[in-house]
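J.: Got a structure here, written out as structure tokens. Questions coming.
The values are calculated or read from the model by the stated rules, or taken from the named source; none is laboratory data. The model shown is predicted, which means the values in this text are computed figures rather than measured ones. Reconstructed Cβ throughout: ideal geometry from the backbone, glycine too, with neighbour counts over all protein chains shown. Each accessible area value is taken on the protein alone, full model and side chains, heavy atoms only, with ligands, DNA and RNA left out. Shrake-Rupley method; radii C 1.70, N 1.55, O 1.52, S 1.80 Å.
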Amino acid sequence: MTPEEFEHWSRKAADWGASYRASLADRPVRAQTAPGEIYRQIGAEPPETGEAMAAILADFERIILPGMTHWQHPRFFAYFPANAAPVSVVAEYLVTAMAAQCMLWQTSPAATELETRMMEWLRDAVGLPPDFAGVIQDSASSATLAAVLVMRERALGWEGNRQGLPGGARLRVYSSDQVHTSIDRAIWVSGIGQENLVKLPGDPVSGAMDAAALDAAIRADLAAGYRPAGVIASVGGTSTGATDDVAAVVRVAHAHGLYVHVDAAWAGSAMICPEFRPLWAGAEAADSIVFNPHKWLGASFDCSAHFIRDPSALVRTLAIQPEYLKTHGQDGILNYSEWSVPLGRRFRALKLWFLLRFHGLECLRAMIRNHVRWSQSLAERLRSGGGWEIVTEPMLSLFTFRRTGASDADTIALLKRINDDGCIYLTQTRVQGAIAIRFQAGSWAMTGADIDIAFNAILDAAGETP
Ligand SMILES: *Cc1c(COP(=O)(O)O)cnc(C)c1O
């Protein structure tokens, strides 16, 4: 590609992005394609000679776009949001153009130093004390894996990396039964093993594990010769927003010398609003906390904020320093690749800097407060409409519901009708054994009017007239 062609097609791509965003409200939220439909349209062999960019771009629009689910759609109410605020996309254009590998301080000092400052900004913005240091991980899954590895190494006297897991000492990690699957996978990958993840039953309403039951489980394991290593607390679980009493969990865990990691991947963004911070009271005493600015806050994927009280334990667990990675003569500098499992690192701090500067915290707080309010208003309308059951009450902007008395098959059929229409997109979960429909409001582009559209679409799919 010549420099002139690069300029031309870069402009085209930016223009396309802008008109795509402007067109979102008119598109079906979820891809309406059948499995294999896209695959079959892609040639079986790579071309031997180059093709024209115009043809490639046309195929992108013709073949690829219909197979995309539009995560930036104003009526994306499924899963959790993956907001990419336009200003964050602009920052990502710049990052993509520079395409730097930011693994060490010296491989891009600005990336490291801006990351340090952005994590201080975020830490202060969510009300965590200044004795936390932060690092941007690629995902909450990676942050949780790093935290579990620290739990393992602490419990094994820093010998696990060298010796592997000795046959005798079976480590134990504790959580509620409401935790995200990334916790299970961290336990598998760390070699601790699923049988040693002790999942305590969550309270039927809050989803919280019982601190007394946690204490009893730890004591019983100690008596049985296990080696307790850590506890993972959940704030805003994926299914229904299950939230532990973090302060109580930390009290019990620390009394036994255990490491505490808090998974607030989705809900953590809401902590920029002081009125929501009681939901994670006690997090300030935890050892490790993760939340994803790439979910609700608007920093495009990937951008996971990982706060650690004692970074030296993390670095001791994860740092490898072969000769070619040493930065000689640079004392006191941070190499963030020593804080995470992958070596290579994207420049992720720039989009946070652009996002926080362009919008300011007040704008982001207003967005989150609107989402919470709108979601609660929809729950109230369904409740008072008759024939609807609010299965779990709104936790921030997430609640679950179904038709009163509906069987699992009825609820799944209703959800299919809702999603096949394409106007809104919802997902399901299982609550106390039965299927419920999940609703969360969180799209960056959403307005209050989208709640009315959602209400009408749900009633319509249920055969009711709004
Ligand atoms: C989304 C989510 C995760 C996983 O986040 P990734 O960044 O995709 O790894 C973990 N825990 C909770 C509670 C989540 O909502």
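J.: Roughly what % of Cα-Cα distances in region 142-195 sit above 14 Å, to the whole percent?
T.: Result: 49 percent of Cα pairs exceed 14 Å.
J.: Which order do the peptides 93-103, 268-278 take when ranked by the mean count of other beta-carbon atoms within 10 Å per residue, highest first?
T.: Ranked by mean Cβ neighbours within 10 Å, highest first: 268-278, 93-103.
J.: Then there's this: Taking the Cα centre of each part, how many Å lie between region 208-247 and region 4-41?
T.: Value for the Cα centre distance between the two parts: 45 Å.
J.: How many percent of all Cα-Cα pairs in region 101-346 sit more than 29 Å apart?
T.: Of all Cα-Cα distances in region 101-346, 26 percent exceed 29 Å.
J.: Compute the length gained on full extension between residue 116 and residue 254: take 0.36 nm times their separation in residues and subtract their Cα-Cα distance, giving the result in nm to one decimal.
T.: 46.9 nm
J.: Pull up the DSSP beta bridges for the chain and report the antiparallel fraction as a percent, rounded to 5.
T.: Antiparallel: roughly 60 percent of the beta bridges in the chain.
J.: Follow-up. Taking a probe of 1.4 Å, how large is the accessible area per residue of region 101-346, in Å²? Display every interim value, and only then the final one.
T.: On the way: 9420 Å² over 246 residues.
Per residue, region 101-346 has an accessible area of 38 Å².
J.: Computing the accessible area with a 1.4 Å probe over protein heavy atoms, can you report the carbon and sulfur percentage for region 351-466?
T.: Working: 2570 of 4890 Å².
Heavy-atom surface of region 351-466 belonging to carbon and sulfur, 1.4 Å probe: 53 percent.
J.: Over region 397-462, what is the mean sequence separation of C-alpha contacts under 8 Å (at least six apart), divided by residue count, expressed as relative contact order in percent? Display every interim value, and only then the final one.
T.: Details: 65 pairs, mean separation 25.5, N = 66.
Across region 397-462, relative contact order equals 39 percent.
J.: Which of the aspartates and glutamates could a cross-linker span from residue 351 if the Cα-Cα distance has to be under 16 Å and same-chain partners fewer than 8 positions apart are dropped?
T.: 92, 113, 115, 120, 138, 302
J.: How would you rank 408-415, 341-348, highest first, on the average number of other Cβ atoms within 10 Å across their residues?
T.: By packing density, highest mean first, the sequence is 341-348, 408-415.
J.: In region 198-342, what percent of the accessible surface is made up of carbon and sulfur (1.4 Å probe, ligands and nucleic acids excluded)?
T.: 57 percent
J.: Then there is this: Using packing as a proxy for protection, rank 390-399, 36-45, 218-227 so that the peptide with the highest average count of other Cβ atoms within 10 Å comes first.
T.: Top to bottom by mean Cβ count within 10 Å: 390-399, 218-227, 36-45.
J.: Under 15 Å from the 7 Å Cα→Cβ point of residue 464, by amide nitrogen: which residues of region 379-394?
T.: Once the point is set 7 Å along Cα→Cβ of residue 464, 379-391 turn out to lie under 15 Å by backbone N, inside region 379-394.
J.: Additional query: Nearest 5 is fine: what % of DSSP beta bridges in region 101-346 come out antiparallel, could you say?
T.: Details: 10 of 26 bridges.
Percent antiparallel among DSSP bridges in region 101-346 is about 40.
J.: Which FRET efficiency value, to the nearest 0.05, do you get for residue 219 and residue 79 by plugging their Cβ-Cβ distance into 1/(1 + (r/R0)^6) with R0 = 30 Å?
T.: 0.20
J.: Treating the Cα atoms of the chain as identical point scatterers in vacuum, please give the log10 of the normalised Debye intensity I(q)/I(0) at q = 0.08, 0.11 Å⁻¹, two decimals.
T.: One equal scatterer on each Cα of the chain leads to -0.53, -0.99.
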